[in-house]
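Student: One structure, as structure tokens, below. Some questions next.
The values are calculated or read from the model by the stated rules, or taken from the named source; none is laboratory data. As the structure is a prediction and not an experimental result, all values here were calculated from the model. Neighbour counts are summed over all protein chains in view; Cβ atoms, including those assigned to glycine, are modelled from backbone coordinates with ideal geometry. Accessible surface is based on the protein model in full, side chains and every heavy atom, while ligands, DNA and RNA are left aside. Shrake-Rupley method; radii C 1.70, N 1.55, O 1.52, S 1.80 Å.
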Amino acid sequence: MYERKLKKDIRNSLEYSLDMFSGKWKSRILSVLSKADNLRYGEIKSQINNITDAVLAASLKELISSEMIVRQSYDEIPTVKRTAEYSLSEKGRSIIPVLDNISKWGEKYFIVEDDAD
């Protein structure tokens, strides 16, 4: 059986923009990478609570595909083990001020609901 990719129905620049960092994890990954020059997979995972390996790997692939982050692969010596580091691309760095502004907006209107009802 083959896997069929569904084309996203993005009709305008706002939908495109929101798709770049939509969902629970992409914005968190971008935020973590914005605070470092580059990070390995395990370092990213350790800074994001409750993300599974499958979700992290899929999110990283999407962010690479959309050119928001860059994956640099290299051989580690002497163990001859392939490792990779992730960093923000120029496109990824350009979204950080936008995410910061969205965060500031959220701080103004975010209300923590009291579970004591």
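Student: I'm checking my understanding of the structure. Among residues of region 1-15 that are modelled with pLDDT under 85 and not basic (Lys, Arg), which one is most open to solvent (accessible area, probe 1.4 Å)? Quick ask: steps written out before the conclusion?
Tutor: Our first condition is that a residue be modelled with pLDDT under 85; within region 1-15, this holds for 1-11.
Filter again for not basic (Lys, Arg), leaving 1-3, 6, 9-10.
Numbers: 1: 238, 2: 174, 3: 172, 6: 142, 9: 103, 10: 67 Å².
Out of the qualifying residues, it is 1.
Student: Within the set of pairs 6 or more residues apart or between chains, which connect a residue that is free of Cβ contacts under 8 Å to residues at least 60 places away in the same chain inside region 48-61 to a residue that is open to solvent by 80 Å² or more (accessible area, probe 1.4 Å) with Cβ atoms less than 8 Å apart?
Tutor: Between residues of region 48-61 that are free of Cβ contacts under 8 Å to residues at least 60 places away in the same chain and residues that are open to solvent by 80 Å² or more (accessible area, probe 1.4 Å), the close pairs are 48/28; 51/28; 60/71.
Student: Which residues, taken from region 26-42, are part of a helix (DSSP H, G or I), open to solvent by 40 Å² or more (accessible area, probe 1.4 Å) and free of Cβ contacts under 8 Å to residues at least 60 places away in the same chain? It would help to see each step written out before you state the result.
Tutor: To start, the set of residues in region 26-42 that are part of a helix (DSSP H, G or I) comprises 26-34, 41-42.
Next cut, open to solvent by 40 Å² or more (accessible area, probe 1.4 Å) only: 28, 31, 34, 41-42.
Selection gives 28, 41, 42.
Student: Another one. Is there any pair linking a residue in region 84-100 that is of a type in the set (S, T, N, Q) to one that is part of a strand (DSSP E or B), with Cβ under 8 Å and at least six apart or on different chains, and which?
Tutor: 87/39; 87/69; 87/70; 87/72; 89/69; 89/70
Student: Moving on. So residue 77 clears everything in (1) open to solvent by 60 Å² or more (accessible area, probe 1.4 Å); (2) modelled with pLDDT of 85 or more; (3) more than 10 Å from the chain's Cα centre (by Cα) except one condition, right? Which one?
Tutor: (2)
Student: Collect the residues in region 43-52 that are open to solvent by 70 Å² or more (accessible area, probe 1.4 Å) and closer than 13 Å to residue 84 by Cβ, keeping them in residue-number order.
Tutor: Going residue by residue through region 43-52, those that are open to solvent by 70 Å² or more (accessible area, probe 1.4 Å) are 43, 46-47, 49-50, 52.
Of everything in region 43-52, just one residue is open to solvent by 70 Å² or more (accessible area, probe 1.4 Å) and closer than 13 Å to residue 84 by Cβ, namely 43.
Student: Going through 48, 95, 111 one at a time, which residue ends up being out of contact with any helix residue (DSSP H, G or I) (no Cβ under 9 Å at 6 or more places or on another chain) and among the hydrophobic types (A, V, I, L, M, F, W, C)?
Tutor: Working: 48 fails: out of contact with any helix residue (DSSP H, G or I) (no Cβ under 9 Å at 6 or more places or on another chain); 95 fails: out of contact with any helix residue (DSSP H, G or I) (no Cβ under 9 Å at 6 or more places or on another chain).
Selected residue: 111, the only one of 48, 95, 111 that is out of contact with any helix residue (DSSP H, G or I) (no Cβ under 9 Å at 6 or more places or on another chain) and among the hydrophobic types (A, V, I, L, M, F, W, C).
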